[in-house]
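To start, the structure itself, in structure tokens.
The values are calculated or read from the model by the stated rules, or taken from the named source; none is laboratory data. It should be emphasised that the depicted structure is a prediction, and the values quoted were computed from it without experimental measurement. Cβ atoms come from the backbone with ideal geometry, glycine included; neighbour counts cover every protein chain shown.
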Amino acid sequence: MPWPGPARCGRAPSGVTLTFDTLGLRPESLRAIADQGYTDPTPVQAQAIPAILRGRDLLAGAQTGTGKTAAFVLPMIETLHATRRPGPIKLRALVVVPTRELALQVEQSIRTYGAHRPVRSTTIFGGMRMDRQVRALRAGVEVVVATPGRLLDHVRQRTIDLSRVEILVLDEADRMLDMGFIHDIKRILQQLPAERQSLLFSATFNPRIRRLAEDLLRDPLSIDVAPRNAAAAPVRQVIHPVDRGRKRHLLTHMLRGREIEQALVFTRTKRGANRLAEQLGKDGIRAAAIHGNKSQSQRVRALTAFKKGHSQVLVATDIAARGLDIESLPHVVNFELPNVPEDYVHRIGRTGRAGETGTAISLVAVEEQDLMYAIERLLKKPIERAVVDGFEPSFKVRAAAGADGRVKRPSPRKSGDGSASRDRHSGSGHRPRQRAAKGGQHRVEQGQLRDPGRRPSQQAQARPMPGERLSGHRSIAGRSDRGDV
């Protein structure tokens, strides 16, 4: 199947403003939209809603914060009502999502937009008792919103029947593939009827998404409402170079100084999220962690407290934060850079939503510089760098550093001829660390990040000291959060 080009469906002629009234929605849906204070559709809604109402399969490139949930929930409700038959309630629509938070968010949207024309729906995800979910399914539902693993548990136990599903939605499909759910998705597809309407939403279009779309969709309409792998325009991005051991002190400094009022802070691991939240608490910062090892009630309480302003910081892993809907979030902080550059785009997309401005701050240690360069290559532009006074990066933090982690940079030691010492491997001086870099070994000078604008030939070559073997070391510590659902 040829890869479909971008659609122009639902776009108004030049000079004409699209409204929800022009998209083919019934009065009950328009009332529910008005109840939420919305007047004009977002680009993904304007293009997707008419196509879905016509029964087309859809491939949509849309990031979170673009209104994509309403783009498929509204026409799905309309279709289910228009084709409803008398008799027992049967499962007719399935929405598959990567995380429990997104499942709850989507199901809440179904209730919100179906307020005047309701459909019966429920959620299925891990961390909740199976018997409660079984009772909800037996009571009769038209829509199930589920994570892949728990959905297959119900399939194996024959507590759910997918044979009559008429509408399938894969939301945030790229994230599900990143989490290793591709085989689960294929098993789910085997349980579905061949005759159905399929909708695939993804923030990025990589080769794996394209292969999935070819297997899943029939003559799909393709829409792409934002440049692929692009960061949200209203988000200001800045890098603060800092030593890894002083990241937490710098974050506390910025929070106390009100440079950061409230922030969603990302770490790579669950353990790192717990540790950072605990350390911030000791610093007098109200913080909570959210990740896959937390119970659902703990996650809901932490998110609710953050939304209400009761906590200043919510520390999260990538997977736990996927699908979080936080209005007016002023700051996102990358305490640790993600291993996958595309995840950076997803992270900073949590701020600057719905036309508001936001700031994405990355605390970058020298060990993470290659990850940062990969992100800049993805964005096709450099990111502003700003060193915070008192937190200039250096390879050694003096023992005399204060409790807040701030240090004064030592004056260069003078050699006998009056020139600055080069800190060779002699005397009491220390030698700047060396690390492996793609394309050869490069020395990273003390207190500096390698300039991405310099050619490799301009980088200082690392030479082994006498009696020393030069070898690379891993710059990424910690374990993966894959499967954190």
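Do you know which residues across the range 108-122 are crowded, with 23+ Cβ neighbours inside 10 Å and either assigned to a helix (DSSP H, G or I) or not small (Gly, Ala, Ser) (or both)?
Across the range 108-122, the qualifying residues are Ile110, Tyr113.
Just one of (1) of a type outside the set (Gly, Ala, Ser); (2) part of a loop (DSSP other than H, G, I, E, B); (3) in contact with an Asp or Glu (Cβ under 6 Å, 6 or more places away or on another chain) trips up His249, so point out which.
Of the numbered conditions (1) of a type outside the set (Gly, Ala, Ser); (2) part of a loop (DSSP other than H, G, I, E, B); (3) in contact with an Asp or Glu (Cβ under 6 Å, 6 or more places away or on another chain), the odd one out for His249 is (2).
Identify, please: which residue in the range 307-342 is among the hydrophobic types (A, V, I, L, M, F, W, C) and at pLDDT 90 or above and is, among those, nearest to Gly358 (Cα to Cα)?
Val332
Please list, ordered by first then second residue, the pairs with beta carbon atoms under 6 Å, 6 or more apart or interchain, first in the range 137-162 and within 13 Å of Gln191 (Cβ to Cβ) and in contact (Cβ under 8 Å) with a residue 60 or more places away in the chain, second assigned to a loop (DSSP other than H, G, I, E, B) and polar (S, T, N, Q).
Close Cβ pairs satisfying both conditions: Leu162/Gln191.
Can you list the helices (runs of 4 or more DSSP H) found entirely within the range 140-198 that contain at least 3 residues being in contact with a Pro (Cβ under 6 Å, 6 or more places away or on another chain) and crowded, with 16+ Cβ neighbours inside 10 Å?
none
Could you tell me whether the range 267-286 includes any residue that is modelled with pLDDT under 90 and closer than 26 Å to Ile209 by Cβ?
no
Within the group Gly126, Gly140, which residue is within 26 Å of the chain's Cα centre (by Cα), over 24 Å from Thr42 (Cα atoms) and among the small types (Gly, Ala, Ser)?
The conditions single out Gly126.
Restricting to the range 231-246, count the residues that are part of a loop (DSSP other than H, G, I, E, B) and out of contact with any strand residue (DSSP E or B) (no Cβ under 7 Å at 6 or more places or on another chain).
Of the residues in the range 231-246, 3 are part of a loop (DSSP other than H, G, I, E, B) and out of contact with any strand residue (DSSP E or B) (no Cβ under 7 Å at 6 or more places or on another chain).
Check Gln47, Gln105 and return the single one that is buried (at least 24 other Cβ atoms within 10 Å of the Cβ), of a type outside the set (D, E, K, R) and in contact (Cβ under 8 Å) with a residue 40 or more places away in the chain.
Gln47
Being in contact with a Ser or Thr (Cβ under 8 Å, 6 or more places away or on another chain) and either in the same structural domain as Leu324 (by TED's automatic domain parsing) or closer than 22 Å to Glu101 by Cα (or both) is the filter here; which residues of the range 176-194 pass it?
Selection gives nothing.
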